[in-house]
Structure formats: C-alpha cells, structure tokens
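Accompanying notes for the structure given below.
The values are calculated or read from the model by the stated rules, or taken from the named source; none is laboratory data. Model, not experiment: these values are computed from the prediction. Cβ coordinates were reconstructed from backbone atoms using ideal geometry, including for glycine residues, and neighbour counts include every protein chain displayed.
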Amino acid sequence: MVAVARSAMLPGQKDQKEVQIATQDAWNVIQLARIWMTEPGVSLEGLDFIGEPLSLKSGRRVWLDTVAEIVPGWSTSPENPAVGSMVEVITPESHGSLSPGLLVKGIQLG
C-alpha cells in the first residue's frame, strides 16, 4: 500500500508512460494505491482494478487498485503549500494496518 496526503503533492511533469490515478481534491482524504500480487494462475475478483495485471517472469501477476479514505479529525481547509515531502513507514505492528506500506506526508514551513 502507498498512501499520499494531498499536502505532500508537489508540482511536477506528467510522464506519459506512468499510470495516472484520479484523486479526490480534498484535504481530509488519503488516496491509497493498493498493490496486489498473485501466484501463477490465480486471479483476483471483486475489486475495480486499474488496467490489466503486470505479468512477471515467475508467472506471478501484479494488480493495482485505488481507494479513497476519509481521515477523521483532519481539517478540510487548505494548508500552506508543501515545500517537500517525507515518507513514514507503516507496519501492522506500529499502525494496526493489514499490510506494510508507506505514507507520504507534506512538509510545510511557517
């Protein structure tokens, strides 16, 4: 799982080869990109995947879907623009999550 807070998004050039994920334009929403891997011959159903799965040399397949989560207690008002970003490692032990992942947070000055 990779989660990016809106306040961590910095201006940049769009790479046409990358998959672009639509996000909600809200300060209290975390947009999650969930990465799933299956063993050879195993399919996933019931999720709204982005594109086709990536097939690896091992026969495993990598799937991508996205979900938006409302964060209780976060303000809906804009924050100062980010001047940088930092990554917080998420683990089941430290955050009670189902899997390890990353949370990208914005750094504001002032």
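Tallying residues that are modelled with pLDDT of 90 or more, assigned to a loop (DSSP other than H, G, I, E, B) and surrounded by 11 or more Cβ atoms within 10 Å (Cβ to Cβ) within region 45-88 yields 4. Of everything in region 22-44 that is modelled with pLDDT of 75 or more and of a type in the set (Val, Ile, Thr), the residue that is surrounded by the fewest Cβ atoms within 10 Å (Cβ to Cβ) is Val42. Go through the residues of region 59-81 one by one and say whether even a single one is touching a residue at least 60 places away in the same chain (Cβ under 8 Å), within 30 Å of Pro11 (Cα to Cα) and aliphatic (A, V, I, L, M). Checked against the condition, which is being touching a residue at least 60 places away in the same chain (Cβ under 8 Å), within 30 Å of Pro11 (Cα to Cα) and aliphatic (A, V, I, L, M), region 59-81 yields no hits at all.
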